[in-house]
């Protein structure tokens with residue numbers, strides 16, 4: 001049975017770490033740009049603010065997907081795992097950063113469900129990413 005390794009003794013662990021950091025950083029940058037555009041739309045159009053919470057959720061799902069694609073693009077196998085774990089890192093850091101800005105963190109069921117949904121979207125992105133990388 002093979003072991004699942006994200007870093008190995010051959011020295012490619014640094015490349016994988018750079019890939020994960022790049023994927024998470026790019027996803028945060030993408031989220032920042034898209035949420036800025038969303039803020040402009042909400043501010044200057046008659047867009048109903050009730051839908052902004054849903055729109056933020058959709059943006060986070062898309063960013064978790066993109067994080068999964070980018071992290072699994074150069075993987076040899078198990079793209080779903082690379083993508084899912086990278087998306088969970090993205091979501092967990094987003095929650096920790098949010099806690100630093102706002103008080104009253106909710107690390108209960110809602111947080112667990114957000115990690116599961118991030119893993120699912122990241123895993124789907126990882127499947128897409130590994131197939132893109134093989135071409």
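With the condition kept exactly as written, say whether any residue in region 29-45 is in a loop (DSSP other than H, G, I, E, B), over 11 Å from the mean Cα position of the chain (by Cα) and either at pLDDT 85 or above or loosely packed, with under 11 Cβ neighbours inside 10 Å (or both). Yes, there is a match, as at least one residue in region 29-45 is in a loop (DSSP other than H, G, I, E, B), over 11 Å from the mean Cα position of the chain (by Cα) and either at pLDDT 85 or above or loosely packed, with under 11 Cβ neighbours inside 10 Å (or both). Here residue 121 passes the criteria (1) modelled with pLDDT of 85 or more; (2) farther than 19 Å from residue 29 by Cα except the one numbered (2). Here residue 71 clears all of (1) touching a helix residue (DSSP H, G or I) at 6+ places or on another chain (Cβ under 6 Å); (2) within 19 Å of residue 38 (Cα to Cα) except the condition numbered (2).
From the list 75, 61, 87, the lone residue that is in a loop (DSSP other than H, G, I, E, B) and buried (at least 16 other Cβ atoms within 10 Å of the Cβ) is 75.
The values are calculated or read from the model by the stated rules, or taken from the named source; none is laboratory data. Predicted, not measured: the structure shown is a model, and the values here were computed from it. Heads up, the Cβs are rebuilt from the backbone with ideal geometry, glycines too, and the neighbour counts pull from every protein chain shown.
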